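The values are calculated or read from the model by the stated rules, or taken from the named source; none is laboratory data. As the structure is a computational prediction, the values presented were derived from the model and not from experiment. Because the Cβ atoms are built from the backbone with ideal geometry, glycine has one as well, and the counts that use them run over all protein chains shown.
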Amino acid sequence: MAQIFPKWTNKAPLYVAIASVLIIIITGGLINYYASPLNIDVGYRPIQPVPYSHKVHVGDLGMDCRFCHTGVEYSPVAMIPPTKTCMNCHNMIKADSENLKLIRESQQNKTPVQWVRVHKSPDYVYFDHSAHITVGVGCASCHGNISEMEVVFQAKPLSMGWCLNCHRNPDDHLRPFDKITNMTWTPPANQAEFAAKQKALLDIKAPTTDCTGCHR
Amino acid sequence: MSNTINSAVGGKKYWRSLDHLAETPEFKDLVQKEFPQGASELTDPVSRRKFLSLMGASMALAGLTSCRRPVEKIIPYVVKPEEIIPGKPQYYATNMPFGTESFGLLVESHEGRPTKIEGNPSHPTTKGSSNVFMQAEMLNLYDPDRSKQILENGMVSNWDKYRAAWNQEAQNYSENGGEGLAVLTESFASPTLKRLANAFLEKYPRARWVTYDSISDENIYKGLMAATGVMARPNYEFSKASVVLSLDADFLQMDSNDIQYSREFAGRRRVRSEKDSMNRLYVVEGTFSITGGMADHRLRVQSGQVGMFAAALAAELKAQGLAINAPQVSASFDAKWLKALAADLIANKGQSLVLGGRRQPAEVHALVALINDALLNTGKTVSYSVNPDAQVSNLESLVELTNAMNKGEISALFMLGGNPIYQAPADLAFTDGLA
């Protein structure tokens, strides 16, 4: 009587086992890369209701971040400026510009402008701008070089791993206080020396890496 | 009791609610609504399959849509109020009037929305602590039943229309001195409101000003009125009291000024060194309370018998040699308990404290004042004060008002706070008077 299964089927279980292990590893890897904030969130560039250009205001005109984002040194949120802040200048400068139509309407009707959020940490994460700014972490460390962005996009992944990288080794991101809002600052050669001095000056220990530091 | 639901089945009858047991129309209606119209279609095999396949498809699509990040808006101020920093809470120190009491509060507010109430650490009544009423007051701020605008016969109106309507009425009332005019408020101790009330009654001398709370210190004020001749309220100094007897008074949770009393009472329970001693608490009550749970010795007595107990205690104090004008009573309470209590109170003359609960009638409070006086506690552990601005709840005035309303003598009634339809004694027929 002829064999029902050919001879190669003896090794079929082995092949199936190897194949399934490979499939699991490959799918896991693909998901890990393509579904990560690094791939999904970086480069998120929503269209804003008003074509406000950070490149013009910060890059070309040299305005400081804190001129508009006034809460950044005192509050957990940096704050999107109220319409009044825009109109303080723009009722004199380019007062008739078509791009500012929505801002003028907002001022007249007392209706707020609905900006689209670009940088978002999940609701279960506590993030405090003032805690970072007051110890000398620069804006650009998390937001990238805003002064070159015509439309703001997310430059860093803002993932948990990314946060922890800096929390474990913050030295490269500490700056002198007058360079906090500088978009083009790069660490000097003696950065390690400066970081040690800065940490001693502010009496800061290593930033928290406990779960409860952020997941309160 | 007949139970038609399970009448066909013998044995025990089970029911899920009182409505179910009574088979009210509301319950039958609810049973019908449990399977609303259209839901029966699901039991049909063909549409059920269609339904599931549609659900499956939408589930699959839902999985895809979640890959896209939801658009979230940031809505800043148009003109930012100068004192607000978004993200930073603000704290406001304020007062919460509560009956004739006032609590000092600290209210946390986020971008103009109050979120949490706590005691004000700098205020003498609360010193940073709070009670259940203060915590619950938060919800009152967002009560959907609060009217946000002037209503006229249930329709939205405005202040101008109200003023016009009232000015016309006021003309008539000025002429007849406020005949048929009545104001119903809750009790208060606000100097401003008292001044306005006086001004109102000066202008309309024949108008009625009625004050009523369903739960208040009315009986305490009345009892002290009988004992002292003035509308006084007692202030207890638990920090000086070594022996405390509470006659149905839940001073640790429910009574007026409970925050201060809890703190002072607990202060005398704390033993920090070998020289410190603890106070002793006797509680006589008819229900379970926090204060009763804290008692060293608790005697279970019907609420209606507490007055009798106070009289029996006065008699026992007299029998043990205290100069007190005690009424003669024949009551059978635990004689051993009563003897020990009287001996303890006499041994701590001037450092003991007897207090009666607001549930007890005025006579009990008059007797309590008498006992305290005989024990030389007045001026030491208990003192009496008169607040000229206090407008105390008065049930008789509500009864008079309701009778007048039912006779048709009241043509205009202003209710400032309170909910008399819900709170007023049911046999008063207050609701009928409104109609």
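Being outside any loop (DSSP other than H, G, I, E, B), farther than 30 Å from residue A:60 by Cα and among the polar types (S, T, N, Q) is the filter here; which residues of segment A:183-212 pass it?
A:198, A:212
Only one of B:346, B:371 is within 33 Å of the chain's Cα centre (by Cα) and either modelled with pLDDT of 90 or more or not assigned by TED's automatic domain parsing to the domain that holds residue B:228 (or both); which?
B:371
Can you work out which of the residues in segment A:112-126 that are more than 7 Å from chain B (Cβ to nearest Cβ) and surrounded by fewer than 16 Cβ atoms within 10 Å (Cβ to Cβ) is nearest to the chain's Cα centre (by Cα)?
A:121
Can you work out which of the residues in segment A:77-104 that are surrounded by fewer than 17 Cβ atoms within 10 Å (Cβ to Cβ) and assigned to a loop (DSSP other than H, G, I, E, B) is nearest to the other protein chains (Cβ to nearest Cβ)?
Per the criteria, the residue is A:91.
What helices (runs of 4 or more DSSP H) completely inside segment B:115-204 contain at least 2 residues that are within 25 Å of residue B:420 (Cα to Cα) and small (Gly, Ala, Ser)?
B:159-176, B:191-203
Examine segment A:55-68 for a residue that is closer than 16 Å to residue A:116 by Cα and more than 8 Å from every other protein chain (Cβ to nearest Cβ), and state whether such a residue exists.
Checked segment A:55-68: no residue is closer than 16 Å to residue A:116 by Cα and more than 8 Å from every other protein chain (Cβ to nearest Cβ).
Output the qualifying pairs, or none if there are none: Cβ atoms under 6 angstrom, residues six or more apart or on different chains, first residue in segment B:73-93 and more than 7 Å from chain A (Cβ to nearest Cβ), second residue surrounded by 12 or more Cβ atoms within 10 Å (Cβ to Cβ).
Close Cβ pairs (under 6 Å, with a partner that is surrounded by 12 or more Cβ atoms within 10 Å (Cβ to Cβ)) amount to B:89/B:108; B:89/B:110; B:90/B:109; B:91/B:106; B:91/B:108; B:92/B:107; B:93/B:106; B:93/B:120.
Please indicate, with yes or no, whether at least one residue in segment B:240-262 is over 30 Å from residue B:121 (Cβ atoms), acidic (Asp, Glu), modelled with pLDDT under 90 and in a loop (DSSP other than H, G, I, E, B).
no
Residue-by-condition table, conditions (1) under 30 Å from residue A:148 (Cβ atoms); (2) in contact (Cβ under 8 Å) with a residue 12 or more places away in the chain; (3) surrounded by 10 or more Cβ atoms within 10 Å (Cβ to Cβ); (4) of a type in the set (Asp, Glu):
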site: A:8; (1), (2), (3), (4): no, no, no, no
site: A:12; (1), (2), (3), (4): no, no, yes, no
site: A:27; (1), (2), (3), (4): no, no, yes, no
site: A:31; (1), (2), (3), (4): no, no, yes, no
site: A:47; (1), (2), (3), (4): yes, yes, no, no
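Looking only at segment A:28-39, decide whether some residue is within 19 Å of residue A:153 (Cα to Cα) and part of a loop (DSSP other than H, G, I, E, B).
yes
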